[in-house]
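The structure appears right after this line, and notes come after that.
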Amino acid sequence: MLVKRDVKALQNIYLIEVLKGLAITMKHMLFSKAVTIQYPEERRNYSDRYRGMHYIKATNGVENCTACMLCPTVCPAECIHIVAGERPDKEKYPVKFEIDILRCCFCGMCEEACPKDAIKLSKIYEMSTSKRVVYDKDYLLEQRGHK
Amino acid sequence: MNAELDTFDLIAMGLKIAVVVVMLLQVVPIMVWVERRGSALLQNRLGPNRIGPLGLFQSLVDAVKMMTKEDRATGHVNPFYYRLAPLVSLLPAFLTFAAIPFASHITMGDKTVQFQIADLNVGLLYILSVTSLSVYGIIMGSWASNNKYSMLGGLRSTAQMISYELSMGLAIIGIVMIFGSIQMGDIATAQGATLIQLGPIAIPKWGVFLQPLGFIIFLICTYAETNRLPFDLPEGESEIVAGYHLEYYSMMFGMFMMAEYINMTVASAFVTTLYFGGWQLLPGMTFLLTHSGLEGMNFEWARVALEAISFVLKVAFFMWLFVWVRWTIPRFRYDQVMHLGWKVLLPLSLLNILITGFLIYLKVL
């Protein structure tokens, strides 16, 4: 379908519009700064609420998690797998805590559901890897965040 | 040109050819760099800046990449024409520069050396005919690729080149009428005369001042002839993938790319010679020459050097214009290209001839 446009006679000559366009690009070249950054050296500053790679918060080297199963229950992607166990002092703890990161959709619901402030999402977004796709407990216990 | 060539002439000729060929080859990596960095700056990006100072060696690395890539034709192509096509498109690009003067002449003893590989008495026709050969490389490549997108690119290229060659030739007629010669050296020399003297400023008799309409038509046509945006329909990345060089890779693709950039250089040199005085000194350079005590017969080298610099600067400006326009204006639709070529530029170039003839009849030009 042909759309009727309101074109002025001078615009039909097109040459003046071309010159205007050239002036605009030259203005950008001379007077505006690049919006891109030198990535590995420079980084964007993301918000503290950014939802990146998971970690389990630990206090005095012991994970906060009590294997209450709230996070696997709330997880919409069903990527958290916990096997609960019991410590000698009768406290419940996760024997196995695995996150299948390829299924994770980074919604952050596990973080919100956790009553013990144990599972957290850090600001790390460089997660590409050639091997580890299921994060185990040892890997998750590395303290990555500062929240 | 005299028929007998002695050793001096042969050496001079060899040197000129070597300089021109090497310069044309060097233009390619530099222009690729200018294109990439320039486009980045025009679009508020940074562009390749890691390898070498300002990213200058990026093109070298790319060249190494292209040359070391595996060179094999896919099964469905016609191998002979497939391999011939890049050569056919590259060769005319080099040939054209033979008739373009890049400085005036220098006297060495009793010999005069022209800074032009061949001052053919049919220079203009030679350039026009050799440039129109470059379409064969594109058609051959697209047909031999045996791919429908390539074929579409080739067809578009044919239609576009033929339509715009007409207006291009007719636009040049105006220049031929004014300067009364189709010898490139004569045209460049004739543009040294003064057109109007405005106090201390002398407006030279450059083609652009005598033929403003012809210049605009010619410039638009060169963009179509070199398949650069806004006329890059044969490539048309977003419509027909990569058009005629879709099936090419490694250095065969590199040769198509070299041909494009060398064609750009030749087109810029052609525009410069016809409309911007060729090697005629840029404004201010005559002043520089007279006030530095470097004039007269003994300092011909200074004049020649400045002429060469003027020529290079003018050509560089048009090359930059190619890049600048490419990253400003989007591609035309096919019917718009045909409309512009046949219904706008062709009548305008005919009108240009009419006006020029009338003005010559009235002895204004």
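The values are calculated or read from the model by the stated rules, or taken from the named source; none is laboratory data. Remember, predicted model here, so these are calculated numbers, not experimental data. With ideal geometry, Cβ positions are generated from the backbone for all residues, glycine too; neighbour counts draw on all protein chains shown.
Quick notes on this one:
- Taking residues in the stretch B:216-230 that are away from chain A (no Cβ under 14 Å), and partners anywhere that are in a loop (DSSP other than H, G, I, E, B) and modelled with pLDDT under 90, the pairs with Cβ atoms closer than 8 Å and at least 6 places apart or on different chains are B:A224/B:F231; B:N227/B:L233; B:N227/B:P234; B:N227/B:E235.
- For the condition under 18 Å from A:M53 (Cβ atoms), crowded, with 17+ Cβ neighbours inside 10 Å and polar (S, T, N, Q), A:S130 does not qualify.
- Filter result (without any contact (Cβ under 8 Å) to a residue 24 or more places away in the chain and among the charged types (D, E, K, R)) within the stretch A:113-131: A:E126, A:K131
- Among residues of the stretch A:28-43 that are within 7 Å of chain B (Cβ to nearest Cβ) and under 13 Å from B:L46 (Cα atoms), those with a Cβ under 8 angstrom from a residue that is among the small types (G, A, S) and surrounded by 10 or more Cβ atoms within 10 Å (Cβ to Cβ), sequence gap 6+ or separate chain, pair up as A:M29/B:G38; A:A34/B:A40.
- Of all residues making up the stretch B:311-346, the number that are more than 13 Å from chain A (Cβ to nearest Cβ), of a type outside the set (A, V, I, L, M, F, W, C) and within 16 Å of B:L219 (Cα to Cα): 2
- Looking across the stretch A:102-134, the residues that are touching a strand residue (DSSP E or B) at 6+ places or on another chain (Cβ under 9 Å), of a type in the set (A, V, I, L, M, F, W, C) and within 23 Å of A:T66 (Cα to Cα) come down to A:C104, A:F106, A:C110, A:A113, A:C114, A:A118, A:I119, A:L121, A:V134.
Yes or no, residue by residue, for (1) over 20 Å from the mean Cα position of the chain (by Cα); (2) in a helix (DSSP H, G or I):
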| residue | (1), (2) |
| --- | --- |
| B:P283 | yes, no |
| B:R303 | yes, yes |
| B:L321 | no, yes |
| B:L348 | yes, yes |
| B:L354 | yes, yes |
| B:V364 | yes, no |
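- Selected residue (criterion: farthest from the other protein chains (Cβ to nearest Cβ)) from residues of the stretch B:46-84 that are exposed (fewer than 15 other Cβ atoms within 10 Å of the Cβ) and of a type in the set (G, A, S): B:G75
- Among residues of the stretch A:26-59 being of a type in the set (K, R) and assigned to a loop (DSSP other than H, G, I, E, B), the one that is nearest to A:L102 (Cα to Cα) is A:R51.
- Qualifying residue in the stretch B:88-110 (condition: under 17 Å from B:S250 (Cβ atoms) and touching a residue at least 60 places away in the same chain (Cβ under 8 Å)): yes
- Here the helices (runs of 4 or more DSSP H) wholly within the stretch B:140-219 that include at least 3 residues being more than 17 Å from B:I127 (Cβ to Cβ) are B:148-179, B:207-210.
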